[in-house]
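In what follows, a single structure is set out as structure tokens and then discussed.
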């Protein structure tokens, strides 16, 4: 909740009302609505000149930190104050980005057009940009980088974002074979498929580096020789990828690690450690014309396990997927319903945010899971969207509610929530079971909402999962 405080001061102050707080967020936050501007300006006018003048302070950072400041301007809008000692807003905060920045972020999650990837420009004048860095957290409130986009394309092209109705997926070797086949569909440069310079076997990296060093520059139009390395990592560190107990790989530049964070951007080390293992995609090339080939940068995304390369956004999603697979087996064995599970990776709304700047910006519309049912017993919804609710944060939940409405409209499908916080008077085992039951009855259907509620209560009282 925002509070109003004497300008230049970080302590004391008075909390805004819930209505005032919401008015400022809707008018000036990253999801600002044009029609809400007048109400937000009214709040600014009310508080700007009281006493000796006021600022608004945000509570998006951990307690004990200096709060980020928002400065009223001309009694009509607010601007972020980021000059020292005032900090930036947390990454997930409504005021961390401007609306135009949010539109650009959302557009980066759209399915890209075909054509060369152009992951690298020509050689730089120096290689200062490639100093080793600590892992950088990434989430949906930031732009999706090019390496991440390529990884999502490869996974989808290989069919590794789906669990078939029989629940049987390919072994690890077949998964890598599919990825190598999928790499023929994408181009590093014009007329040069990714498959031509792709390595998926860590012991072969020295030879792969030599191939790139010897590659004819003419093959890499408008770029320089480079390639892609894919592998599973058990951890990431400062300039390092941990590929095995005694095997690490140095990365000269940025290492990005995906992990969903809550509405206030809090991301504790304990949360990060449970996301391993990761499927890692690396860009390999020379950092400068006179340097040897190296791993220039890397992107790591959590996968189900070291033997299952299906991507997930968090450790909690792994638990949601466990429940869905349990439901998949039960429906097949008891109802004859075949259930396919998909993990989408691109914005399903299909809107070009840049083409409609007057509309309110939004988050990327990417359901956590989509399940599709076939069979006579599937008398309810044949398509169901599943969302993992990993945080209790009120702002996070209000944004999720808006996004659930949008994704339901776009997919013309109901949304079922797997909640890890509510009802707050139940254990997580009970919440897991409630989610399983809601997903089941949404697919198999009931005669009425009252019948649905009665059946859920009756099944809950039985205790354990079927």
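The values are calculated or read from the model by the stated rules, or taken from the named source; none is laboratory data. From a predicted model like this one, the values you see are computed outputs, not experimental measurements. Methodologically, a virtual Cβ is constructed for each residue, glycine included, from the backbone with ideal geometry; neighbour enumeration extends over all protein chains shown.
Consider residue 136 carefully, then state whether it is surrounded by fewer than 19 Cβ atoms within 10 Å (Cβ to Cβ), in contact (Cβ under 8 Å) with a residue 60 or more places away in the chain and assigned by TED's automatic domain parsing to the domain that holds residue 276. If you could, list the steps in order and put the result at the bottom.
On the way: surrounded by fewer than 19 Cβ atoms within 10 Å (Cβ to Cβ): yes; in contact (Cβ under 8 Å) with a residue 60 or more places away in the chain: yes; assigned by TED's automatic domain parsing to the domain that holds residue 276: yes.
In short, yes.
Sort out which residues of the stretch 2-30 are assigned to a loop (DSSP other than H, G, I, E, B) and over 20 Å from residue 61 (Cβ atoms), and write them in order of number. Spell out the reasoning first.
First pass over the stretch 2-30, keeping only residues assigned to a loop (DSSP other than H, G, I, E, B): 2, 7-13, 16-17, 29-30.
Selection gives 17 alone.
Condition first: under 20 Å from the mean Cα position of the chain (by Cα) and under 20 Å from residue 283 (Cα atoms). Can you find one or more residues in the stretch 87-108 that meet it? Outline the logic, then answer.
First, the residues of the stretch 87-108 that are under 20 Å from the mean Cα position of the chain (by Cα): 89-108.
Still in the running and under 20 Å from residue 283 (Cα atoms): 108.
Scanning the stretch 87-108, I find at least one residue that is under 20 Å from the mean Cα position of the chain (by Cα) and under 20 Å from residue 283 (Cα atoms), so the answer is yes.
Inside the stretch 1-42, can you point out the residues that are out of contact with any strand residue (DSSP E or B) (no Cβ under 9 Å at 6 or more places or on another chain), without any contact (Cβ under 8 Å) to a residue 40 or more places away in the chain and surrounded by 13 or more Cβ atoms within 10 Å (Cβ to Cβ)?
Selection gives 22, 23, 26, 36, 39, 42.
From the list 212, 281, pick out the single residue that is part of a helix (DSSP H, G or I), at pLDDT 95 or above, surrounded by 14 or more Cβ atoms within 10 Å (Cβ to Cβ) and in contact with a helix residue (DSSP H, G or I) (Cβ under 7 Å, 6 or more places away or on another chain). Let's see the steps before the verdict.
Numbers: 281 fails: part of a helix (DSSP H, G or I).
Among 212, 281, only 212 is part of a helix (DSSP H, G or I), at pLDDT 95 or above, surrounded by 14 or more Cβ atoms within 10 Å (Cβ to Cβ) and in contact with a helix residue (DSSP H, G or I) (Cβ under 7 Å, 6 or more places away or on another chain).
Being touching a residue at least 12 places away in the same chain (Cβ under 8 Å) and under 24 Å from the mean Cα position of the chain (by Cα) narrows it down to one residue among 413, 377, 373, 430; which is it?
On the way: 377 fails: under 24 Å from the mean Cα position of the chain (by Cα); 373 fails: under 24 Å from the mean Cα position of the chain (by Cα); 430 fails: under 24 Å from the mean Cα position of the chain (by Cα).
When all the criteria are applied, what remains is 413.
Give the residues of the stretch 276-318 that are farther than 20 Å from residue 257 by Cβ and either in contact (Cβ under 8 Å) with a residue 60 or more places away in the chain or not assigned by TED's automatic domain parsing to the domain that holds residue 208 (or both), sorted by residue number.
Residues satisfying the conditions are 285, 286, 287, 288, 289, 291, 292, 293, 307.
Scan (1) surrounded by fewer than 21 Cβ atoms within 10 Å (Cβ to Cβ); (2) touching a helix residue (DSSP H, G or I) at 6+ places or on another chain (Cβ under 7 Å); (3) touching a residue at least 40 places away in the same chain (Cβ under 8 Å) for the single condition residue 76 breaks and write down its number.
(3)
Before we move on, is residue 66 loosely packed, with under 14 Cβ neighbours inside 10 Å and under 24 Å from residue 396 (Cβ atoms)? Write out each step before concluding.
Working: loosely packed, with under 14 Cβ neighbours inside 10 Å: yes; under 24 Å from residue 396 (Cβ atoms): yes.
So residue 66 passes the test.
Condition check: in contact (Cβ under 8 Å) with a residue 60 or more places away in the chain, in a loop (DSSP other than H, G, I, E, B) and either touching a strand residue (DSSP E or B) at 6+ places or on another chain (Cβ under 9 Å) or not assigned by TED's automatic domain parsing to the domain that holds residue 371 (or both). Does residue 221 satisfy that? Steps first, answer last, please.
Values: in contact (Cβ under 8 Å) with a residue 60 or more places away in the chain: yes; in a loop (DSSP other than H, G, I, E, B): yes; either touching a strand residue (DSSP E or B) at 6+ places or on another chain (Cβ under 9 Å) or not assigned by TED's automatic domain parsing to the domain that holds residue 371 (or both): yes.
It is true that residue 221 is in contact (Cβ under 8 Å) with a residue 60 or more places away in the chain, in a loop (DSSP other than H, G, I, E, B) and either touching a strand residue (DSSP E or B) at 6+ places or on another chain (Cβ under 9 Å) or not assigned by TED's automatic domain parsing to the domain that holds residue 371 (or both).
How many residues does the stretch 340-371 hold that are modelled with pLDDT of 95 or more, over 16 Å from residue 409 (Cα atoms) and assigned to a loop (DSSP other than H, G, I, E, B)?
Counting residues in the stretch 340-371 that are modelled with pLDDT of 95 or more, over 16 Å from residue 409 (Cα atoms) and assigned to a loop (DSSP other than H, G, I, E, B) gives 4.
Looking only at the stretch 239-258, decide whether some residue is in a loop (DSSP other than H, G, I, E, B), under 27 Å from residue 161 (Cα atoms), at pLDDT below 95 and not assigned by TED's automatic domain parsing to the domain that holds residue 346.
yes
Just to be sure, is residue 413 crowded, with 16+ Cβ neighbours inside 10 Å, in contact with a strand residue (DSSP E or B) (Cβ under 7 Å, 6 or more places away or on another chain), at pLDDT 95 or above and part of a helix (DSSP H, G or I)? Break it down stepwise before answering.
On the way: crowded, with 16+ Cβ neighbours inside 10 Å: yes; in contact with a strand residue (DSSP E or B) (Cβ under 7 Å, 6 or more places away or on another chain): yes; at pLDDT 95 or above: yes; part of a helix (DSSP H, G or I): no.
Taking the combined requirement at face value, the residue does not satisfy it.
On the given criteria, is residue 175 part of a helix (DSSP H, G or I), buried (at least 16 other Cβ atoms within 10 Å of the Cβ) and either at pLDDT below 95 or not assigned by TED's automatic domain parsing to the domain that holds residue 276 (or both)?
The answer is no for residue 175.
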